[in-house]
Number of protein chains: 2
Amino acid sequence: MPAQTSLDSDQLSAYFALMDVAGLLKHAVEQQLREEGDLSYVQFQLLARLALDSPTGSERMTDLADGVVYSRSGLTYQAGLLEKAGLVSRAPSVDDERSVTVSVTDAGRAVIARVIPGHVEVLRQQLFSPLSGADTQSLRDLLVPVRDHMRAAPPRSAGSRRRR
Amino acid sequence: MPAQTSLDSDQLSAYFALMDVAGLLKHAVEQQLREEGDLSYVQFQLLARLALDSPTGSERMTDLADGVVYSRSGLTYQAGLLEKAGLVSRAPSVDDERSVTVSVTDAGRAVIARVIPGHVEVLRQQLFSPLSGADTQSLRDLLVPVRDHMRAAPPRSAGSRRRR
DNA sequence: TATTGTTATACTCTATAACTATA
DNA sequence: TATAGTTATAGAGTATAACAATA
């Protein structure tokens, strides 16, 4: 069985459908986030990760960078914007003076809380309304392993700094 | 059954997995397209649509805009870059003097041909290697209806100009 | 009047490379 | 020496609004 040099039609249409759906969806949620919370998608990701995923509401810059932003300077830029808006604070880490710990503020949590209902509504209308519960679960089960695989085998430039 | 104001955990993880996979994949293919063809993803989409999807290799700006770029000025900008690079040509449409017909040149077809193998290779490694043939078909069958639904009910600003 | 496309403009985001400071 | 983060800088992409030309 030789390695194919082209894709079959299922692969092609899956690829384009994936990119189209994600592109349209991102566009829709970015508009909602901008209107209701003055947030970009990346800023929402950062804030949501701190406010919803982290028990302490804090993470080091390096840990935040993994999976949210592609370059460190980009993260510095976004964190700076969030800090200027009063939604996060930054302080040197206690255990390692090189590191910076980013923390959501109360104002940051308030923005997330304010933005979530409209966000959910967009997702419901745009993404989930054509999908049954079983469909959604299938989609999840298909995509989560792909994400894990991609994160495990990063495309060179997305690797950690030590790989360069 | 009242309308929920939050998402269940399958929906949440499907949403984030979708956005993460598409973001990582876009990042990977953009790098490949830039290295091997000096193309951005949008430029690749435009060129591929003309070279692969259109029987004549030509389309009106308005038709190109549908589903590729979000604003008309953005399409003008990208078409200008492609024209400057000699990959497309633009001419007034014969039937409607207001319209502009964009056509792939031979050089444009050559760039697509040069870029495709590496593109397929990235897709194979990043997206398809964790998916069986049946998985790929399932993914396609789940996402194509979502795309159709999104295109049918655009999120306001992505609509055609006459809707504004 | 409505539609097609372009232009001027401003802004956001991202990346590279050089730099500082700590481990 | 290696790692964490910042800064300066430059470039790409996008959107809005005003505009010209055609239907």
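The values are calculated or read from the model by the stated rules, or taken from the named source; none is laboratory data. In this text, all values refer to a predicted model and were calculated from it rather than measured experimentally. Cβ sites come from the backbone with ideal geometry, for glycine too, and all protein chains shown count toward neighbours. Each accessible area value is taken on the protein alone, full model and side chains, heavy atoms only, with ligands, DNA and RNA left out. Shrake-Rupley method; radii C 1.70, N 1.55, O 1.52, S 1.80 Å.
Just to confirm, what accessible area per residue do you get for the range A:83-157 at 1.4 Å probe, in whole Å²? Don't skip to the answer; put the middle values down first.
Working: 3940 Å² over 75 residues.
Each residue of the range A:83-157 exposes 53 Å² on average to a 1.4 Å probe.
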Spread of Cα-to-Cα distances over 10 Å intervals beginning at zero, given as percent, for the range B:21-164: 10, 34, 37, 17, 2
What's the center-to-center distance, using Cα atoms, between the range A:93-158 and the range A:16-44 in Å? 12 Å
Determine the shielding of peptide A:35-41 by partner chains: average, over its residues, the number of Cβ atoms on other chains within 10 angstrom of each Cβ. 0
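So what's the range B:5-54 giving for Rg/Rh, alpha carbon basis, Kirkwood Rh from the mean inverse pair distance?
1.21
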Could you tell me the calculated FRET efficiency between residue A:9 and residue A:89, based on Cβ-Cβ distance and R0 = 45 angstrom, to the nearest 0.05? 0.30
Under a 1.4 angstrom probe, counting protein chains only, how are B:60, A:114 ranked by accessible area, largest first? A:114, B:60
With all protein chains modelled, accessible area of residue A:88 [1.4 Å, Å²]: 10 Å²
Using alpha-carbon pairs under 8 Å, 6+ residues apart, how would you state the relative contact order of chain B in percent? 22 percent
Longest principal axis of chain A (C-alpha) makes with the long axis of helix A:106-123 (C-alpha) an angle, in degrees to the nearest 10, of 20 degrees
Over chain A, with a Gaussian network built from C-alpha contacts below 10 Å, which listed residue (A:136, A:62, A:101) shows the highest mean-square fluctuation? A:136
Show me, bin by bin at 5 Å from 0, the whole-percent P(r) of the range B:78-153 based on Cα pairs. 3, 12, 11, 12, 12, 17, 17, 10, 4, 1
I'd like the mean, over residues of A:53-66, of how many other protein chain beta carbons sit within 10 Å of each residue's own Cβ. 0
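Per residue of B:128-134, count partner chain C-beta atoms within 10 Å of its C-beta, then hand back the mean as an integer.
Across the residues of B:128-134, the mean count of other-chain Cβ atoms within 10 Å is 5.
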Based on Cα positions only, what radius of gyration and what Dmax would you give for the protein assembly as shown, in angstroms? 21.2, 71
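In Å² (nearest 100), what accessible area is buried between A and B, both sides summed, heavy protein atoms only, 1.4 Å probe? Display every interim value, and only then the final one.
Working: alone 11600 and 11530 Å², together 17140 Å².
Result for this pair: about 6000 Å² buried.
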May I ask you to list the aspartates and glutamates whose Cα is less than 12 Å away from that of residue B:26, ignoring any residue fewer than eight positions away on the same chain? A:20
Long-range amide H partners of residue A:85, meaning residues 5 or more apart or on another chain whose placed amide H is closer than 5 Å, are none
